[in-house]
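Novice: If you scroll down you'll find the structure; I have some questions about it.
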Amino acid sequence: MPFVTAFAVALAMSPLCRRLALAAGVVDRPGEKKIHGAATPLLGGVAVALGQTAALVGSGAADSASYRILAAAGLVLLLGIWDDVDPHSEILRWWVRLIYEACLAGIVVAGGVRTGFLGSAWLDIPLTLLWIVGITNAFNLLDNMNGLSAGVAAIGSATFALLAARYVQVGPEQLPTAVAAAALSGACLGFLPSNFRSRIFMGDAGSLFVGFTLACVAVQGSWRSPTVPTSVIIPLLVLAYPLFDTTLVVILRLRRGQSPFVGGRDHSSHRLVRLGLGRVEAVLLIHLFAFAQALTALLVSSVTLRLSLLALAGSVSVLFIFGMVLRKAPAWEAAAADEEPANG
C-alpha cells in the first residue's frame, strides 16, 4: 500500500537525514526572522521525497505523467536543498526561483497534466502554471512552525487520494493520482514525529517538494461532480488554508510597504500565538481548519453547482472573518521568540 510504504520510509529516513544534516552543517540557525531558539537540522524534505519515491515506484500503478511530476518535484527539491545549504546565495533571488519553478511546471504541463475547464489551451496552460507555482510557494510560506506545512499537506493529499479512488472509473489518470496523493500523505505523516519534537525541519527542500507535488496532483486528477465548475471548486477547498495564509501575508505586507518575498514572523500561525495560543495549539487549530475544508470538498463532490457555490461562499466567509481577526493581532515581535522553547 503506497500510504504505508511512504510512511515507513519517511519515518525511518528522518533520523538519518538529521544525522546527515548535522554532519554537513546544514542547520537552521536562530535569527531575527526565526522563532526557534536553537540550531536545528534541515533536510527533512529529503526523507519526505524518499518516501514518496519509494511508494510511487513500488506501487506499479504510476503512469508517465506521475513519473514526470516526480522528476520535476525532485528538481524542485534540489532548489530547496541549495537554499537550505546556502540561504544567503545571491544567485537564488526570488524571481530566479519563480522562473525555475515555472519551467519545471512547464515540464509537467508538457506531459499533459493541466486543467481544461476554460476550454482553450491559451488560457488553461497559463492558469495551470500559475496554480503550480502559486501552491508551491504557498506551502513554502506556510512552513513556519513544527508540523504545520507537513500536517496541512497530509490532510490535503489524503483528501485527493480519497476522491481519486472514489471515482477511479472516471479515467485512467485516477488510479495514479490516488497512489501519488496517498503516498504524499503517508510521507508527510511519517516525517511529523521527528518534526514535532524539533529533531529536524522540513526546510525549503521539503516545503517546495510537497507544495509542487500537491499542486500537480490537484491538476492531474478528475474530481467527479455534477458540473465542471463544481470540480474546479474542489481543489480550491482542499488547499484553501495555504491560499488563505499566503493571501493574508501578501496583503498585510504590501499595506506596510514590505516585500512579500522576504521571510517574516507575520503569518497566521504567528498571529495566533500572539493572541495567546501555544505553538502546538496554533498548529492543531490550523490543522482543524484544513480538515474542515477537506470535509467540505468531499461533500461538494456529490452536490449541485448551486450548493457547491454556497459551500465555497461559506468557507470564504469564515476565512475572511478569521483573517479580519488575525490582522488585528500583532506580528511576532523579537521578544516573543524567547517566550517558549524552540520550535520550527
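Novice: In segment 26-123, which helices (runs of 4 or more DSSP H) lie fully inside it and hold 2 or more residues that are of a type outside the set (S, T, N, Q), free of Cβ contacts under 8 Å to residues at least 40 places away in the same chain and over 30 Å from Met1 (Cα atoms)?
Specialist: Result: 94-110.
Novice: Out of segment 65-93, which residues are farther than 19 Å from Val26 by Cα and out of contact with any helix residue (DSSP H, G or I) (no Cβ under 9 Å at 6 or more places or on another chain)?
Specialist: Result: Arg93, single match.
Novice: Taking Ser64, is it more than 29 Å from Val179 (Cα to Cα), of a type in the set (S, T, N, Q) and exposed (fewer than 14 other Cβ atoms within 10 Å of the Cβ)? Steps first, answer last, please.
Specialist: On the way: more than 29 Å from Val179 (Cα to Cα): no; of a type in the set (S, T, N, Q): yes; exposed (fewer than 14 other Cβ atoms within 10 Å of the Cβ): yes.
No: the conditions fail for Ser64.
Novice: Could you check Ser89 against (1) at pLDDT 85 or above; (2) hydroxyl-bearing (Ser, Thr, Tyr); (3) over 18 Å from the mean Cα position of the chain (by Cα) and say which number it fails?
Specialist: (1)
Novice: Listed residues Phe244, Phe201, Phe209; which is in contact with a strand residue (DSSP E or B) (Cβ under 6 Å, 6 or more places away or on another chain) and not hydroxyl-bearing (Ser, Thr, Tyr)?
Specialist: Phe201
Novice: Does Ile200 meet the test of being touching a Pro at 6+ places or on another chain (Cβ under 7 Å), under 28 Å from Trp94 (Cβ atoms) and modelled with pLDDT of 90 or more?
Specialist: yes
Novice: May I pose another question? Of all residues in segment 258-311, which are over 22 Å from the mean Cα position of the chain (by Cα) and in contact (Cβ under 8 Å) with a residue 24 or more places away in the chain?
Specialist: Arg274, Leu275, Gly278, Ser302, Val303, Thr304, Leu305, Ser308, Leu309, Ala311, listed by residue number.
Novice: Which of the residues that make up segment 1-25 are under 22 Å from Asn144 (Cα atoms) and not in a helix (DSSP H, G or I)?
Specialist: Listed by number, the list holds a single entry, Gly25.
Novice: Kindly provide the set of residues from segment 227-257 that are in contact (Cβ under 8 Å) with a residue 60 or more places away in the chain and among the small types (Gly, Ala, Ser), ordered by number.
Specialist: Ser231, Ala240
The values are calculated or read from the model by the stated rules, or taken from the named source; none is laboratory data. Quick caveat: nothing in here was measured; it's all calculated off a predicted structure. As a convention, Cβ positions derive from the backbone with ideal geometry for all residues, glycine included, and neighbour counts pool all protein chains shown.
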